[in-house]
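Here is the structure we will look at, set down as structure tokens.
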Amino acid sequence: MLHYTCKRIALALLVAITVSFLSFMLVRVSGDPAYALAGENATAKEIAFVREKYGLDRPIMVQYLDWALKALHGDLGQSPYFRENVSAIIGHRLKVTMTLGASALLFALTLSIPLGVLAAIRPNTWIDRVALGISVLGQAMPSFWFGLILILFFGVTLRWFPVSGSSSWRHFVLPTIALGYYATPAFMRLTRSGMMDVLSSDYIRTARAKGLLSGSVLFKHALRNAIIPVVSVVAVQLGFMLGGSVVIESVFAVNGFGLLAYESIARADLPMVQAIVLILSLIYVLLTLFADVLNALLDPRIRVA
Amino acid sequence: MVEITKKIAALVTLVLCLVVFSGTPILANKANDTLNFAWKKELETLDRYFNTAREGMIVSRLICDDLLYRNPDTNEYQPLLAKSYRWIDTTTLEFELRQGITFHNGEKFDADDVVYTINFVSNPDNKILVQRNVNWIQKAEKLGPYKVRILLKKPFPAALEYLAGNLPIYPNEYYAKVGPEGFGRQPVGTGPYRVAEVDPGKKIVFVKNDNYFKDSPKGQPSIGKLVQRTIPEMTTQVAELMTGGLDWIYMVPTDQADKLSRVPNVKVLKAETMRIGFLQMDAAGRCGDSPFSKRAVRQAINYAIDREAIAKNLVGGQSRVINSACYPSQFGCTQEVTTYPYNPAKAKKLLAEAGYPQGFSVDFYGYRNRPYAEAIVGYLKAVGIKAKLKYLKYSALREKTFANKTPFMFLTWGSYGINDISNITGYFFRFGKQDFSRDAQVRDWLELGDNSIDRQVRLDAYTKALKKIADEAYWVPLFTWVANYAYSNELDFTAQPDAVPRFFLSKWK
């Protein structure tokens, strides 16, 4: 187990370094950042000044190593746009996005697990079909569009929830649904197939034969085993949600990490973009690592493979 | 199983009830004297000198006052923080200041504030972002507690325009203490509104300054409280406006503005702005040999495009066709120049005369309003010119421009809301990086106009330059842009060509 975990950690680190390097390169090949940083209508002299000030005139490897070394010491640099420390801004925004991500995950699980269970115990009935329909819809609808539909229906027509903002829990309801719904199908299909496998296994038949109540068989015996693959997917989905909240945050004007990422790219705020990519990839790598280790703990066969 | 379903159903009902009954009723904003407005932009700082955004200007004009004020109706300069002003000579401006004005934090306004602000921002070491606003200033001097002089590096006739809206005066003691960072978070001015709360990137709350000096030409603020929110998604802004969460939005895309105009209680205004569109052609041959070095080709392109149709059908609202290389209200901007009405037959004839009977192919660069550019491509195709549209980000386009790789461009220019022609012709015809005509005669006339403070000398020089620009067809001047505003019909709001809303002039009906 220790060997397996070490191997995974090494791999995760490698992924994080590669991602940070690639993102560093990509923002630079898309054009000379000095032009964007200098602002509209800057003169050639001002652009040259910016290039020198931010060290953009040095070889790209030197720039990367300099940045990576500082990042290792926790210094993610100054944002030329906000003229503030990148870490301070990110810390604040990440909290908002984490809240949104966690509540969306909770929503997705609350919706998908009961639906999955229902679909599994009544396979090929209308219940199964409805559950399937809900899940397909979730996957097929662009979250941007779904967000707007929610605004239109619950915000404009019914006026149950505020249209945008993040100042109270009511503001989080619509974005939570919009973000969470997208993850629902993955959880639901996994729960359904897991449940169906388990329900047809011998120990469930034995449990039933012993005369246990059907609810107790379902939840105590079947669900516990069926949900194992869901647990590992949860970690990965949370990563997706943090990354995917860009659109939702923009639609609902939730001032979070995703929106910051999106806007930082537009205003060529390089230190901010790099830091965001680094943090996001680290979160993602950590979550995947966590899922891998958890899976290995739950299922010894994985450790050998 | 049935039992579980029942429990779930009960829980769902409970949650729904909670949600419905906890809903706060939407208050009419007129009733609580609060104007809620939004824009997309997240302002990096509220210090006007360290942001370049239009929104920064809006905020600055609410909080701060300048020495002068340009009356938006008459375009005349009126003393604001100054009591009077006069030119001592071509490089010296003298101001008598008003007495008895205090900043929002209680600091007294006097000559020290003016001298400190002007000297701080004009010192290049302090690196304010828009150097053009200040690089004409040599320094400010105090002549008495309420008397100052501003010395110019050289004659600069547009100085009054800059002093009337782009040079807000800051409280010297406070600014020296908190610096640009502190001021950016908690700005203090003498203006009609003071900042009560700042939640960076989310909202700014302004409260009416009850002590605003009575004879200000800006008038007295009427609405008690202004709440600005940053909402990046336009559709969300529209939804907020429809539900009463917002009372005012702007920069609404035309299609959404048209739909909004059918919503009761919402008023839509498509007001003309100072931004103009134009095609720039490489007459100087900066990008190598090109058909644009021939005047007939440039004239043909002028004749080929039905600008009237694009202005009317695509831009809409108050958009109008322009004929010279500037916005009509700008000082010196005559429209009495050679015009090129839509005439594709004449365009074809000119092209044939120039040696291009079959037309030619060219890369056509643009960075905004793609539908307009596509319409232009269509018109050019009709006379045989195959313009291959290349859309770039503004910064990338400029990089290419500086590297002489853009022979044909669709550009726009807003002159930063400065009502003086020097802010547009100065960039495009005085041999700068953006000048693709490089006409020494035009440059000399413009330099004369830009450096003289005699109105008539300026007018004559600009007229000559604009006439030659039109005769030579260096540009295709297109049309003016509009800004679409949508707001509650309880609000009395007037738009200005610089698209800087002046909420201190707004009131409830």
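A compact table of results
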quantity	calculated
Helices (runs of 4 or more DSSP H) completely within the stretch A:125-231 that count 3 or more residues being within 12 Å of chain B (Cβ to nearest Cβ) and touching a Pro at 6+ places or on another chain (Cβ under 7 Å)	none
Identity of the residue in the stretch B:144-155, within 17 Å of B:ASN119 (Cβ to Cβ) and touching a residue at least 60 places away in the same chain (Cβ under 8 Å), that ends up surrounded by the most Cβ atoms within 10 Å (Cβ to Cβ)	B:LEU152
Test result for A:VAL62, modelled with pLDDT of 80 or more and over 30 Å from B:MET242 (Cβ atoms)	yes
Which numbered condition A:SER112 misses (of (1) at positive phi; (2) within 14 Å of another protein chain (Cβ to nearest Cβ))	(1)
Flag for B:VAL263 being in contact (Cβ under 8 Å) with a residue 40 or more places away in the chain, closer than 30 Å to A:LEU148 by Cα and not hydroxyl-bearing (Ser, Thr, Tyr)	no
Sole residue being modelled with pLDDT under 80 and either part of a strand (DSSP E or B) or touching a Pro at 6+ places or on another chain (Cβ under 6 Å) (or both), chosen from A:LEU26, A:LEU37	A:LEU37
Any hit, the stretch B:90-97, residues being over 22 Å from B:LEU160 (Cβ atoms), part of a loop (DSSP other than H, G, I, E, B) and not assigned by TED's automatic domain parsing to the domain that holds B:LEU246	no
Single match in A:ALA291, A:ALA268 (criterion: among the hydrophobic types (A, V, I, L, M, F, W, C) and either within 14 Å of chain B (Cβ to nearest Cβ) or farther than 30 Å from A:ILE227 by Cβ (or both))	A:ALA268
Scan of the stretch B:438-494 for residues that are modelled with pLDDT under 95, of a type in the set (Ser, Thr, Tyr) and over 24 Å from the mean Cα position of the chain (by Cα), ordered by number	B:SER452
Residues being assigned to a helix (DSSP H, G or I) and surrounded by fewer than 19 Cβ atoms within 10 Å (Cβ to Cβ) - total across the stretch B:236-270	6
Leading residue by the ranking (surrounded by the fewest Cβ atoms within 10 Å (Cβ to Cβ)) among those in the stretch A:76-124 that are assigned to a helix (DSSP H, G or I) and among the basic types (Lys, Arg)	A:LYS95
Residues located in the stretch B:224-248, provided they are touching an Asp or Glu at 6+ places or on another chain (Cβ under 6 Å) and among the aliphatic types (A, V, I, L, M)	B:LEU246
Test for A:VAL136: is it over 23 Å from B:PRO232 (Cα atoms), surrounded by fewer than 15 Cβ atoms within 10 Å (Cβ to Cβ) and either free of Cβ contacts under 8 Å to residues at least 24 places away in the same chain or touching a Ser or Thr at 6+ places or on another chain (Cβ under 6 Å) (or both)	no
Residues within the stretch B:113-130 that are part of a helix (DSSP H, G or I) and surrounded by 16 or more Cβ atoms within 10 Å (Cβ to Cβ), tallied	10
Residue within the stretch B:65-79 that is assigned to a strand (DSSP E or B), modelled with pLDDT of 85 or more, within 21 Å of B:PRO497 (Cα to Cα) and within 14 Å of chain A (Cβ to nearest Cβ) present	no
Single match in B:ALA325, B:ALA387 (criterion: within 30 Å of B:ARG70 (Cα to Cα) and either modelled with pLDDT of 95 or more or surrounded by fewer than 18 Cβ atoms within 10 Å (Cβ to Cβ) (or both))	B:ALA325
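The values are calculated or read from the model by the stated rules, or taken from the named source; none is laboratory data. Note that the structure is predicted; figures quoted are calculated from it, not measured. Cβ: placed from backbone, ideal geometry, glycine included. Neighbour counts: every protein chain shown.
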